[in-house]
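Trainee: Input: one structure, supplied below.
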Amino acid sequence: MEKFKLNGLSHLFMTVFLHNFAVFMVAPAITDVTMGALCPGQDECSLAIYLTGFQQAMIGVGTLVMMPLLGNLSDKYGRKAILTVPMTLTIIPIGILAYSRTKKFFYVYYVFKILISMVCEGSVPCLALAYVADNIPESGRSTAFGILSGIGSAAFVCGTLSARFLSTALTFQVSTLIAVIGAVYMKFFLQDSIIDDKHLYTPIISQGKPTISKVNGKPESNKHFFKALHFLKDLTSILGSSLTITQAAIVAFFSNLADVGLHGSMMYFLKARFHFDKNQFADLMVISGIAGTVSQLLLMPILAPIVGEARLLSIGLFFNCVHMFLYSIAWSSLVPYASAMFSILFVFSQPCIRSIVSKQVGPHEQGKAQGCISGICSVAHIVSPLVFSPLTALFLSEKAPFDFPGFSIMCIGFASMISFVQSMMLRVVPPISS
């Protein structure tokens, strides 16, 4: 087992790093590519904003359905086998833009991006968490999860920093190459999860051990499949089991509603307001990534035991509101850089929500509880672009009812404020003992 920890997990960490590096590397450039294909020579394009919003909503619908299904399939066929699907399919849309970024090829990319992301979005980190949980006992999981989170943050910083110094064409070409290397590396070096009856640890995204025995005359694999289809029933039972979980779910919904809205609107706002391009977007992401990484690795372990997770959650959400309001009223191109520094404080919110929920359920309900919170976040991913994309397009256009380009981002800040107010009313009861 110790040998697997040193060898197997190191290959998992490298696989996750390469995948995240390739995905995050193109993030600063995609806005320029979208604008160049749809509205060449312009800094404002309502069509681009609407298409981005539609893409986010469709991806949200897909992940809401596919995440539980992929998790259950990984129980039956193994983590590595299912992990191969997103690692391989992710190459296709990036490769299309690596070949050409004309209007025709952009629409081909757009269709493939929606279809593939509906299946694969978020599946690599989720399956990676399950892979770690399969092979690490509970006493060591928090450390392993922390390392996995740090690997993701490091890939984000390295990927966006690389994009800063490469041309747009070269960015997509290098990203495609790294994505291919990641898939090949996983194929040849990553071992599949080691699960046996004697040392079976509860996976993050499943709710039982992967057997093919029959229960009530039905195969166990069918039982898992029907559990995935009964998501709403599980959601109701978990939310009804604790007032704290219900409050945390409300916080998670409005927090993600705001985060997704900001992600879909901010770059178009900055391009229209201050003529930002790929390099400025990369600078903002690097600042935010470094600040968030330092906070997660250094500040959060110190502050959480002192102030408590509930208060730390409120602190993170408060500064999330502040940084959104700063973006909305930005009077200078330097303001977004100052706002990005708030990442050192608002990065607390998501880990705190997950930790609070995990302590309100027993050890055999962890997967169900975290899955329900993820499902609520997916609903926010669907609703947010439907609300905020039209608002952003309206106030960045010449048809705006009044001159306030950042009005949509201010509304996003108000959504974040709802989650902050709800977090202040959160009362965390003593955790359930395992």
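Trainee: Using DSSP to define loop residues, name the chymotrypsin sites (Phe, Trp or Tyr not before Pro) in the range 154-190 whose beta-carbon has at most 13 other beta-carbon atoms within 10 Å. Mind showing how you got there, number by number?
Mentor: Values: sites: Phe156, Phe165, Phe172, Tyr185, Phe188, Phe189; in loops: Phe165.
Here the chymotrypsin sites (Phe, Trp or Tyr not before Pro) that fit, given the DSSP loop and packing criteria, are Phe165.
Trainee: Per residue, what accessible area does the range 262-338 have, given a 1.4 Å probe and all protein chains present, in Å²? Let's see the in-between values first.
Mentor: Working: 3150 Å² over 77 residues.
The answer is 41 Å² per residue.
Trainee: Counting only protein heavy atoms, what percent of the accessible surface of the range 33-121 is carbon or sulfur at a 1.4 Å probe? Let's see the in-between values first.
Mentor: Numbers: 2680 of 3790 Å².
About 71 percent, which is the carbon plus sulfur part of the accessible surface.
Trainee: Just the accessible area for Val23, please: 1.4 Å probe, Å², rounded to the nearest 10?
Mentor: 50
Trainee: When all protein chains stay in place, what accessible area (Å², nearest 10, 1.4 Å probe) is found for Arg101?
Mentor: Accessible area of Arg101: about 70 Å².
Trainee: Considering only protein heavy atoms, what is the solvent-accessible area of Ser378 at a probe of 1.4 Å, reported in Å² to the nearest 10?
Mentor: Only protein atoms counted, so the area is about 20 Å².
Trainee: Could you pull out the chymotrypsin sites (Phe, Trp or Tyr not before Pro) across the range 264-332 that fall in loop regions by DSSP (anything but H, G, I, E, B) with no more than 14 other Cβ atoms inside 10 Å? Please list the in-between numbers first.
Mentor: Details: sites: Tyr268, Phe269, Phe274, Phe276, Phe281, Phe318, Phe319, Phe325, Tyr327, Trp331; in loops: Phe276, Trp331.
Sparse-neighbourhood loop chymotrypsin sites (Phe, Trp or Tyr not before Pro): Trp331.
Trainee: Another question, then. Filter Lys103/Lys278; Lys103/Lys271; Lys187/Lys278; Lys187/Lys359 down to the pairs with a C-alpha to C-alpha distance above 29 Å, please. The partial results should precede the final answer.
Mentor: Numbers: Lys103/Lys278 19 Å; Lys103/Lys271 20 Å; Lys187/Lys278 33 Å; Lys187/Lys359 36 Å.
The answer is Lys187/Lys278; Lys187/Lys359.
The values are calculated or read from the model by the stated rules, or taken from the named source; none is laboratory data. Model, not experiment: these values are computed from the prediction. As a convention, Cβ positions derive from the backbone with ideal geometry for all residues, glycine included, and neighbour counts pool all protein chains shown. Accessible surface areas use protein heavy atoms only, side chains included; no ligands, DNA or RNA. Shrake-Rupley method; radii C 1.70, N 1.55, O 1.52, S 1.80 Å.
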